[in-house]
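Peer 1: Below you will find the structure I want to go over with you.
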Amino acid sequence: MTSRLNRLAVAFLATALATLGITVANPAPASAAMTICYNTSQAGSYASVANQAASIWNNATVNLTLSANCGSNLRIYQITGGGSYAVRTSLGNGRVYIDTQQAAQYSVLRIMTHEIGHILGLPDNYNGNCSLLMSGGSAGTSCTNPYPSSAEANRVSNLFAGTFSATDRSADIFRDSWPAALAPVS
Ligand SMILES: [Zn+2]
């Protein structure tokens with residue numbers, strides 16, 4: 001009842017102001033979050049890893065939601081050999097390939113969240129820092145951190161709010177260096 005009365009009061013006030021020639025700007029509409037439907041039909045045993053990675057990105061960001069089984073903005077593949085990589089066709093759209101050979105050495109969840117990071121507009125930053133997701137394999141096989149830093153997550157949130165350059169949104173292929181561990185010297 002109270003909210004109805006409030007709405008009536010607001011409507012009356014707006015009408016009164018309009019009568020006086022004063023227009024009231026509408027409040028800014030809530031930005032519509034982009035839903036990125038990801039498809040794991042080709043992800044093999046990594047489908048559950050993809051779901052975990054989607055949850056990590058959803059928890060860390062705003063303005064986008066990764067959602068399973070609603071379409072195919074993002075297709076995830078399990079491959080063997082050739083290295084993990086991401087093909088971004090546009091911001092939020094593309095394909096991610098996870099190499100089982102790299103996943104045997106590195107945290108497969110870190111690989112998955114990293115490759116999805118490319119689809120979400122992030123470039124590589126091979127500085128060896130394990131606290132950064134986009135440092136990828138440069139942080140070594142002991143680095144299992146699957147979480148984007150706050151800076152990385154904020155950049156994605158801002159990209160999906162429409163800020164930053166066209167470069168981050170453009171089509172690109174990210175062939176990843178998750179270097180194979182050196183074979184033991186015999
Ligand atoms: Zn990468």
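Peer 1: For residue 175 and residue 55, compute 0.36 nm times the residue count separating them, minus their Cα-Cα distance, and round to one decimal in nm.
Peer 2: Fully extending the segment from residue 175 to residue 55 adds 40.8 nm.
Peer 1: Starting at the first residue of the stretch 71-87, write each ³J(HN,Hα) from the Karplus equation 6.51 cos²θ - 1.76 cosθ + 1.60 with θ = phi - 60°, in whole Hz, x for Gly and Pro.
Peer 2: x, 9, 4, 10, 9, 10, 10, 9, 10, 10, x, x, x, 7, 7, 10, 10
Peer 1: If you don't mind, there's one more thing I want to ask. Once you order the gyration tensor axes a ≥ b ≥ c over the Cα atoms, which shape class does the stretch 89-134 get: rounded for a/c under 1.5, otherwise prolate or oblate by comparing a/b with b/c?
Peer 2: The shape class here is oblate.
Peer 1: Tell me, what does the Kirkwood hydrodynamic radius of the stretch 35-120 come to in angstroms if you use every pair of distinct C-alpha atoms?
Peer 2: Final number for the Kirkwood radius of the stretch 35-120 is 12.5 Å.
Peer 1: Turning to a different aspect of this structure: Give me the accessible area of residue 147, 1.4 Å probe, in Å² rounded to the nearest 10.
Peer 2: Surface accessible to solvent at residue 147 totals approximately 130 Å².
Peer 1: Same structure, new question: Given all pairs of different Cα atoms, what value in angstroms does the Kirkwood hydrodynamic radius of the stretch 41-186 take?
Peer 2: About 15.2 Å, per the Kirkwood formula over Cα pairs.
Peer 1: Say R0 is 30 Å: what FRET efficiency, to the nearest 0.05, do residue 158 and residue 48 get from their beta-carbon distance?
Peer 2: 0.50
Peer 1: Pop out the carbon and sulfur fraction of the accessible area of the stretch 46-115 as a percent, whole number, probe 1.4 Å.
Peer 2: 43 percent
Peer 1: Shifting gears a bit: Suppose a student asked you for the relative contact order of the stretch 65-186, using Cα pairs under 8 Å spaced at least 6 residues apart; what percent would you report?
Peer 2: Relative contact order for the stretch 65-186 comes out at 27 percent.
The values are calculated or read from the model by the stated rules, or taken from the named source; none is laboratory data. Note that the structure is a prediction, hence the values are computed from the model and not measured. Neighbour counts are summed over all protein chains in view; Cβ atoms, including those assigned to glycine, are modelled from backbone coordinates with ideal geometry. When the accessible area is computed, the model is the full protein with side chains, heavy atoms only, and any ligands, DNA or RNA have been set aside. Shrake-Rupley method; radii C 1.70, N 1.55, O 1.52, S 1.80 Å.
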